[in-house]
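Beneath this line is the structure, given in structure tokens, with notes to follow.
The values are calculated or read from the model by the stated rules, or taken from the named source; none is laboratory data. Not measured: the values here are computed from a predicted model. Cβ coordinates were reconstructed from backbone atoms using ideal geometry, including for glycine residues, and neighbour counts include every protein chain displayed. Please note that ligands, DNA and RNA were not included when accessible areas were found on the heavy atoms of the full protein model with its side chains. Shrake-Rupley method; radii C 1.70, N 1.55, O 1.52, S 1.80 Å.
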Amino acid sequence: MSALKYWLWLANLPKLGGQMKLALLEHFGEPEKIYYGDQEEYFHVKGMTRSAVDALENKRLETADRILGDCDRLGLQVLTMQDAGYPDRLRNIFDPPLLLYVQGRMPLFDEEVAVAMVGTRRCSAYALEMGEKLAFQMAGLGAVIVSGLASGGDAAAHRGALRAGGFTAAVIGGGHDIIYPKENAPLYEDIAARGVILSEYPPGTEPRAGHFPVRNRIISGLSLGVVVLEAPEQSGTLITAGRALDQGRDVFAVPGQVGDRRCAGSNQLLRDGAGVVTDAWDVLGHYAGRFPHKIRSLRMEEPRRFGGGAPEEKPEKKKEKKPEAPAQPERPVLDLSGDHGLTDDQLRIVRALNGRTVQVDDLVEETQIPTRRVLSALTVLELDRIVTQESGKRFSLAVALQ
């Protein structure tokens with residue numbers, strides 16, 4: 001009989017709490033020994049109760065057999081906390097899941113700059129835009145984006161990572177065969193094909209409300225830090241931030257409009273000392289020294305709608321003319337009078353580069369912006385295809401200003 005069957009028996013044994021299951025594992029070493037244990041042995045486990053012993057008397061394996069069949073049908077891998085591929089980051093939290101049901105490619109999280117991005121289901125348009133943009137930037141620079149595949153901020157984070165061609169991990173609050181919310185079905189399929197979807201709940205498990213606060217510990221546990229996009233004062237998103245702090249993870253937040261209830265909770269995190277996030281480097285700068293081989297500068301091919309005009313359309317074919325000298329390709333136009341979406345630092349750098357190719361040191365001197373902020377702004381501008389880097393760490397505009 002497969003040892004995995006005993007893991008499934010223990011993990012899905014009703015009326016037995018998570019901490020008691022972990023205590024049993026610590027005492028017996030493996031689920032098979034727990035299964036064949038007797039009452040006398042059970043009572044030697046620290047914290048054992050009469051009701052827990054009664055629960056362990058349930059030796060039926062039909063549920064484990066059904067789960068194995070469902071996993072085979074759905075193409076799921078079952079990863080136990082004693083497997084080599086189970087992340088140490090997760091194994092070392094207070095209440096790690098005994099096992100994970102895995103769909104897609106499981107990365108080596110302990111070697112990745114994994115960043116969780118979470119937001120409420122009813123995020124503002126601004127928070128959704130920031131979530132997708134930040135995830136795009138961070139994934140493009142080498143980070144793994146972790147979120148919960150919920151509506152709102154979670155979905156925006158996953159979309160941004162996928163658009164960048166990066167890797168994203170989704171932790172769900174039910175079985176893999178019950179997609180919730182239903183409108184995220186296409187996103188679910190994209191993540192399963194290009195990232196990974198994780199759950200501690202077996203196939204067939206309905207995504208009940210109580211599952212989501214519990215799964216949040218996995219989102220933060222897999223990650224180095226958690227970015228809160230937007231959260232009111234009473235929000236499940238703040239539960240994730242709280243679990244992150246309990247686990248010793250970094251917590252960041254995107255500043256929200258003062259007085260807007262939708263971001264009252266995230267603004268409170270900032271008052272309590274969370275890191276301020278306005279661009280990708282505000283987060284990745286904390287980890288670049290520890291993971292220099294993972295964080296990279298990468299130009300992304302992202303279509304961008306610059307302010308002051310509609311999206312560019314492909315020009316229609318012109319009628320045949322007499323041969324002329326080849327023209328230089330037209331550059332996209334950045335309208336600085338419109339809603340260009342640039343920060344103050346980015347705007348000053350763009351203006352300083354107009355019509356010129358400039359080295360970083362000269363930009364620092366001309367703009368009087370600190371070097372770290374200049375480098376951060378240039379990284380984002382390069383990702384957005386507004387500037388281009390040339391040899392010798394020199395930068396020039398890839399757009400025409402209007």
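Only one residue in Gly204, Gly174, Gly236 is touching a residue at least 40 places away in the same chain (Cβ under 8 Å), touching a helix residue (DSSP H, G or I) at 6+ places or on another chain (Cβ under 7 Å) and more than 27 Å from Gly275 (Cα to Cα). Which one?
From the options Gly204, Gly174, Gly236, the qualifying one is Gly204.
When you look at Gly152, is it under 18 Å from Ala3 (Cβ atoms) and either open to solvent by less than 40 Å² (accessible area, probe 1.4 Å) or out of contact with any strand residue (DSSP E or B) (no Cβ under 8 Å at 6 or more places or on another chain) (or both), yes or no?
So Gly152 fails the test.
Does Glu233 satisfy being crowded, with 21+ Cβ neighbours inside 10 Å and either over 16 Å from the mean Cα position of the chain (by Cα) or more than 30 Å from Gln257 (Cα to Cα) (or both)?
no
Determine the pairs where a residue that is under 11 Å from Phe395 (Cα atoms), located within the stretch 332-358, has a partner that is hydroxyl-bearing (Ser, Thr, Tyr) and surrounded by 14 or more Cβ atoms within 10 Å (Cβ to Cβ) with Cβ atoms under 8 Å apart, the partner being 6 or more residues away or on another chain.
As it stands, the answer is Ile349/Thr367; Ala352/Thr367; Leu353/Ser396; Arg356/Ser396; Thr357/Ser396; Val358/Ser396, since those pairs meet every condition given.
Which condition breaks for Glu132 when tested against (1) within 12 Å of the chain's Cα centre (by Cα); (2) open to solvent by 10 Å² or more (accessible area, probe 1.4 Å); (3) over 24 Å from His286 (Cβ atoms)?
The single condition Glu132 does not satisfy is (3).
Looking only at the stretch 360-380, how many residues end up being without any contact (Cβ under 8 Å) to a residue 40 or more places away in the chain and in contact with a Phe, Trp or Tyr (Cβ under 8 Å, 6 or more places away or on another chain)?
Looking only at that region, the number is 3.
Hey, could you check the stretch 207-230 for residues that are part of a loop (DSSP other than H, G, I, E, B) and in contact (Cβ under 8 Å) with a residue 60 or more places away in the chain and say which is surrounded by the most Cβ atoms within 10 Å (Cβ to Cβ)? Lay out the reasoning, then the answer.
Step one: list which residues in the stretch 207-230 are part of a loop (DSSP other than H, G, I, E, B), which gives 207-210, 222-224, 229-230.
Of the ones still in play, those that are also in contact (Cβ under 8 Å) with a residue 60 or more places away in the chain are 222-224, 229-230.
Details: Leu222: 25, Ser223: 30, Leu224: 24, Leu229: 33, Glu230: 31.
Of everything passing the filter in the stretch 207-230, Leu229 is surrounded by the most Cβ atoms within 10 Å (Cβ to Cβ).
Checking the conditions here, which among Asp95, Asp110 is open to solvent by 20 Å² or more (accessible area, probe 1.4 Å), more than 21 Å from Tyr188 (Cα to Cα), touching a helix residue (DSSP H, G or I) at 6+ places or on another chain (Cβ under 8 Å) and outside any loop (DSSP other than H, G, I, E, B)?
When all the criteria are applied, what remains is Asp110.
Determine, yes or no, whether Leu162 is open to solvent by 20 Å² or more (accessible area, probe 1.4 Å) and either assigned to a helix (DSSP H, G or I) or within 28 Å of His293 (Cβ to Cβ) (or both).
no
Which members of the stretch 56-92 meet the condition of being without any contact (Cβ under 8 Å) to a residue 60 or more places away in the chain, farther than 16 Å from Leu10 by Cβ and not in a helix (DSSP H, G or I)?
Across the stretch 56-92, the qualifying residues are Gly75, Gln77, Ala84, Gly85, Asn92.
If a residue has to be aliphatic (A, V, I, L, M) and more than 18 Å from Leu245 (Cα to Cα) to count, how many in the stretch 271-283 make the cut? Working first, answer last.
As a first pass, look at the stretch 271-283 and keep what is aliphatic (A, V, I, L, M): 274, 276-277, 280, 283.
Keeping just the survivors that are more than 18 Å from Leu245 (Cα to Cα) gives 280.
Looking only at that region, the number is 1.
Got a sec? Which helices (runs of 4 or more DSSP H) wholly within the stretch 2-55 have at least 3 residues that are closer than 25 Å to Thr205 by Cα?
Fully inside the stretch 2-55 and qualifying: 3-11, 18-28, 31-35.
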